[in-house]
Amino acid sequence: MDGRPRAPVDLDVAVVGAGFAGLYMLHRLRGLGLRARVFERGPDVGGTWFWNTYPGARCDIESVDYCYSFSPDLLAEWRWTERYATQPEILSYLRHVARRFGLRRDIEFGTRVTALRYDEPGNRWLVSTAGGDEIYARHCVLAVGNLSSVNPPAFPDLERFGGEWHHTAQWPGGGADLAGKRVGIVGTGSTAIQALPQIARQAERVYVFQRTPNYSMPAQNRPLPPGELDEVIQGYRERRRAAEESDPGIPVAPPQRSALQVPAQERRRMYEQGWQRGGINALSYAFTDYFTDERANFTAQEFAREKIRGIVRDPAVAQMLCPTHHIGTKRTCVDIGYFETYNLPGYFETYNLPHVELIDVRSSPISGVTPGGLATASGEYGLDVIVFAVGFDAITGALLDIDIRGRGGQTLAARWAGGPRTLLGLCASGFPNLFMITGPGSPGVLSNMVVSIEQHVDWISDCLAYLEARGLDRIEASAKAESDWVRHVNELADATLYPQAPTSWYVGANIPGKPRVFMPYIGGCGRYRREAGEIAERGYTGFALGTASADATALARVCSGGNLPPTGRSSAAAGPGR
Ligand code: FAD
Ligand code: NAP
């Protein structure tokens, strides 16, 4: 330090977002003795689990894995009741976490962050909110979520509609009254696949407007007996370590054999076993080449299509529901009663219900909204309620919704015009002291996100502690290391079938004009954790560290070469299963 006074700040760290990521970040920052505050546009904690209250919403990673592991006491006291927890249960959990760790007193609710500007001479960020407040912080952490920026329904004549309409991620607080109504649901992604069976139980008639069919694995949901939960908690350390070291962030053993090396009968047996076990990795963890070899992938596709044909009684409807893309390359869905019910009380095989009709809007797209419903080239459908399950501007949407300006006034939007560029999905060159949690270029959305969130929060916390301990106040990803990382991420993706998926939000294809770039890191949670850990252990190679008040070139330590591991590992073959 050169002894010159630092520019004044209100906070050491400003955190944006109060979902799983922002809550844990705040807890860790407090533990470091830093002055931190969270800014959340919503009125409560929970993020995803606050906003997505549509009927049927629940996690698709087992509850006991889709939760924090940082506090043994928290683990021991929370009682998950089902294999896959419902949205209300997950929201209660996050409210409990906020209460238990006294987090609310440092969260500003109803506060949307609109702009972040790096004040270069002061080496601080100016945080601007929609309410006109301005706060200076030494560091910023963006915990804004990968699936939090809503993709609005793109129908200009929507205001003509005489009934009600809802986006699933903006579902009305008190619920929507669907009883006895004619309901149209647009979309057949994970959200619609969860919502439809529940909507069909209430509505008089349901039209499903499908553009692209999706693969869906049976959840095989069930109550979680207390004894089983206790056993899981007892062995939790090991279970979590296995999840952290795995590719998808869940405790699964990696597959050993190629799908093409086993006889057809044995392959089928293994797929059937996975199907009976259920869950997001039902088929993807049977064989090593599921994500990398078209022929291997085809065997799993065919198995899933056969299941659909076996469940849905009308062959024409079954055919329409059969996806054709490489399985797993678009986000695989998990359902309860969309296809099969497994005799769960109160569930039906939805497409066998006489009041549910599937409309193909690939061959005959929705041409517009009318006062009475939705029109396609082949007819008009009279509706009282339209449910738009049309997804999100994923991964980059919430980041770019904020006007972020870094060194030299450059905007993040301009820097990412050709697609996002980060080092580790954590930091971007040109934007000192700014961190993203599960940003593009990290395993984030391909993994159990809570495992990835905990790892990122821990990495950022350790990094800030490192800086503090050395009197350093500035960290920035070098342009060279960032480019190396982007190349590494692309090379891993290009060795798989993922980039070939049509209309996938993984590549931004669901948003018109968005650059088509495969955004997540596909090497798996375990490998990523090791790579990020090595960078930290070597003193943050690839980052420039220093004090802003001194001559940057004298103090900055930029290690650009040799910090990244060799690319193109063959075990990308056993890529994450989401
Ligand atoms: P979020 O929970 O999205 O929280 C981000 C918060 O930031 C939000 O509250 C938002 O209001 C706030 N925010 C954003 N921008 C601003 C701003 N400019 N100013 C102020 N506040 C802002 N992942 C899994 O691994 N397993 C699952 O089973 C699973 N199920 C899902 C189900 C649904 C319906 C959806 C939509 C996603 C699901 N996901 C799942 C992904 C899920 O988003 C993550 O698991 C996790 O909840 C993300 O937590 P987060 O804190 O990073 O982001
Ligand atoms: P999504 O996967 O992006 O699906 C959106 C759907 O809307 C797609 O079927 C899309 O069709 C369709 N669509 C969009 N615009 C349309 C139009 N104009 N006409 C007709 N159809 C249109 O979004 P999502 O279902 O909300 O899921 C997003 C992600 O959130 C998931 O992938 C998952 O990661 C997470 N999630 C998880 C769960 C869970 O099970 N725990 C539940 C919900 C969400 P095309 O495919 O043709 O574009």
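The values are calculated or read from the model by the stated rules, or taken from the named source; none is laboratory data. Note that the coordinates shown come from a computational prediction; the quantities given were computed from them, not determined experimentally. Heads up, the Cβs are rebuilt from the backbone with ideal geometry, glycines too, and the neighbour counts pull from every protein chain shown. Heavy atoms of the whole protein, side chains included, go into the accessibility calculation; ligands, DNA and RNA do not. Shrake-Rupley method; radii C 1.70, N 1.55, O 1.52, S 1.80 Å.
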field: region 158-222 and region 105-147: distance between their alpha carbon centers, rounded to Å
entry: 35 Å
message: Please list, ordered by chain and number, the residues whose modelled amide H lies under 5 Å from the amide H of Glu108; skip anything fewer than 5 residues away on the same chain.
response: Val38, Phe39, Glu40
Alpha carbon convex hull of the chain, volume per residue in cubic angstrom: 147 Å³
query: Roughly what percent of Cα-Cα pairs across region 333-445 reach past 24 Å?
result: 56 percent
task: For the chain, find the longest principal axis of its Cα atoms and tell me its angle to the long axis of helix 479-494, 0 to 90°, nearest 10.
output: 20 degrees
- prompt: If you take the alpha carbon radius of gyration of region 197-321 and divide it by 2.2 N^0.38 Å, what ratio comes out, to two decimals?
  reply: 1.29
task: Might you tell me the accessible area per residue for region 395-437, computed with a 1.4 Å probe and given in Å²?
output: 26 Å²
query: When you count, for each residue, the other Cβ atoms within 10 Å and take the mean per peptide, how do 447-459, 108-120 rank with the highest first?
result: 447-459, 108-120
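Can I get the semi-axes of region 440-530's equivalent ellipsoid? Compute them from the C-alpha gyration tensor as square roots of 5 times the eigenvalues, in angstrom, largest first. All intermediate terms of the calculation are to be shown ahead of the outcome.
On the way: eigenvalues 161, 47, 32 Å².
Result for region 440-530: semi-axes of 28, 15, 13 Å.
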- line: To the nearest 10 degrees, the tilt of helix 87-100 (Cα long axis) against the first principal axis of the alpha carbons of the chain is 20 degrees
- line: Long-range amide H partners of Phe543, meaning residues 5 or more apart or on another chain whose placed amide H is closer than 5 Å, are Ser478, Cys559
message: Can you compute the radius of gyration and Dmax for region 1-132, using only the Cα atoms, both in Å?
response: 17.4, 59
statement: Taking max minus min of the Cα coordinates of region 106-206 on each principal axis, largest first, gives extents in Å of 63, 28, 23
query: Tell me, what is the per residue accessible area of region 1-85 in Å², probe radius 1.4 Å?
result: 37 Å²
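On a full-extension model of 0.36 nm per residue, what is the gain between Glu537 and Ala242, subtracting their alpha-carbon distance, rounded to one decimal in nm?
Details: separation 295, 0.36 × 295 = 106.20 nm, distance 2.18 nm.
Full extension from Glu537 to Ala242 adds 104.0 nm.
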Of all accessible heavy-atom area on the chain, the percent that carbon and sulfur account for (1.4 Å): 51 percent
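Write down the accessible area per residue of region 141-265 in Å², having rolled a 1.4 Å probe over the full set of protein chains. Write down the numbers at each step before the final one.
On the way: 5730 Å² over 125 residues.
With the other protein chains kept in place, region 141-265 gives 46 Å² per residue.
Show me 195-201, 358-364 ranked by packing, highest mean number of other Cβ atoms within 10 Å first. Don't skip to the end; give the middle numbers.
Numbers: 195-201: 23.0, 358-364: 16.0.
Packing proxy ranking, top to bottom: 195-201, 358-364.
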message: Taking 8 Å as the Cα distance limit and 6 or more residues as the minimum spacing, I'd like the relative contact order of the chain as a percentage.
response: 19 percent
message: On the Cα set of region 148-238, report Rg and Dmax in Å, please.
response: 18.2, 57
- request: Output the relative contact order of region 310-378, whole-number percent, from Cα pairs under 8 angstrom with separation of 6+ residues.
  value: 23 percent
statement: Interchain or sequence-distant (5+) residues whose placed amide H lies within less than 5 Å of the amide H of Phe291 are Gly575
